[in-house]
Amino acid sequence: MEPQSVSLTDKWQELERQLLMQVTKRLPVTLTRGKGARVWDVQGKEYLDFVSGWAVNSLGHCHPVVVEALVKQAQTLIQVSNQFYTIPQIELAKLLIDNSCFDRVFFCNSGAEANEGAIKLARRYGKLRLGGAYEIITARGSFHGRTLATTAATGQTKFQQPYFPLPEGFINVDYDSVEAVKKATTEKTCAVMVEPIQGESGVNVPSDGYLRGLRAWCDERGILLIFDEVQTGIARTGSLFAYEQAGTEPDVMTLAKGLGGGVPIGALLAKEKASVFGVGEHGSTFGGNPLVCAVGLAVLKFVIDNDVVGNVRRVGNYFRARLEGFKVKFDFVTEVRGRGLLLAVEFTDDIAEDVVLECLREGLLVNRVKPSAVRFMPPLIITEKEVDEAVGILDKVLSRRV
Ligand SMILES: *Cc1c(COP(=O)(O)O)cnc(C)c1O
């Protein structure tokens, strides 16, 4: 296929420009079908997908286990109000609790909503246990979502500026510095909220001991430690949850992306002592409905029963080693970062956009996580053979720049 063919806009792309709010800078491809680690566009061109719905499609596209759970539940019960008990919600809660350090779950529909819930929970905790403390310390370069409160929590001015004034009570400090958190802590602080690895600002892995240091500080001050595992959770980094590798446990954790394997679901988990919502103090119409919970249950069961964590470690290490090879081969590749199957390659210059577009032409979907870095978040069941294929395409694209 000729290189210029993917930049040809089709009728759908023209309609999108007329009909949709123009908030998303899309790549010039209209996708219609997916299977495993591959997707196809309207022209029938095939792509290897190392974006996977933005670290969402844990089991790849249209995995039989996901499809079966979805179809079966769709034929049984899709949605009822949360004023009634439903079984998939309780089964998914049990599986999450049996496999984590938490005691209780609240289900919602997205990562932002899970974090919004965590913020409200921390404020409730502050009111009940900490004399009205309400401030939450978060990190610069973090990403916690697009609602007003999670935008205030997100330590990146580019997301905040268009919406000033934002809800107050969020202090953004340097990531990977326990000292910075200590300095920002006052009698008004009720919680510290961080990502175990920062995803959206470039796959930033903190130093060993950072998360344990935060734990010790939060214990000393009696404040809550919240981990946003929306991106790192569900095996993405080579353990079911990233906190396991940090050798510490937060009081509260949020999940979304990989949990549903493609259906919109979010979860807020807390230890008993932090689980302070009273009846009527939080809620959601769709949150935890039978349809998404049945799928989340099937995905999480598959991940646990099939040692997907083992695959993420094995293939993740293999992928990482192959990417490290680029550092030797190309002098403009400076760093390989990340854990498991959440990896990024850093370049000396702002070439990520061009690399993404050239990979697209060659049939590989990757993500420009920042102007100078490309991120990889393939399905968790990706094989070494598929990694070889992706690395081959990357090698071809990068070789043109020498
Ligand atoms: C994607 C992401 C969010 C937001 O999730 P949405 O489902 O888009 O609302 C929050 N936190 C982190 C760490 C994320 O990666």
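Here, each number is a calculation from the coordinates, and none is a lab measurement. Being a predicted model, the structure only gives us computed values, none of them experimental. Positions of Cβ are generated from backbone atoms using ideal geometry, with glycine treated the same way; all protein chains shown enter the neighbour counts.
For the chain, the longest principal axis of the alpha carbon atoms and the long axis of helix 64-74 meet at an angle near 50°. Between 0 and 90 degrees, the angle of helix 210-221 with respect to the longest Cα principal axis of the chain falls at about 10 degrees. Using only the C-alpha atoms, the convex hull of segment 272-317 corresponds to 143 Å³ per residue. Counting only alpha carbon atoms, the long axis of helix 87-98 and the longest principal axis of the chain meet at about 90°.
For the cross-link pairs 94/182; 45/385; 72/273; 183/327; 120/158; 188/271, the ones whose C-alpha atoms lie over 26 Å apart are 94/182; 72/273; 183/327. From least to most packed, judged by other beta carbons within 10 angstrom and beginning with the fewest, 168, 384 follow the order 168, 384.
Note on 396, 11: ascending count of other Cβ atoms within 10 Å places them as 11, 396, the fewest first. Label positions at residue 207 and residue 166, each projected 7 Å from the Cα along the C-beta direction, are separated by 2.6 nm. Each 10 Å bin from 0 upward holds the following percent of the Cα-Cα pairs of segment 201-294: 14, 40, 33, 13, 0. Each residue in 54, 12 was given a count of other beta-carbon atoms within 10 angstrom of its own, and listing them fewest first yields 12, 54. From the Cα trace of segment 123-229, what convex hull volume per residue do you get, rounded to a whole Å³? That works out to 92 Å³ per residue. Take the alpha-carbon centre of segment 261-302, take the same for segment 54-126, and report the distance between them in whole Å. Segment 261-302 and segment 54-126 have Cα centres spaced 3 Å from each other. The largest-to-smallest principal axis extents of the Cα set in the chain are 65, 52, 45 Å.
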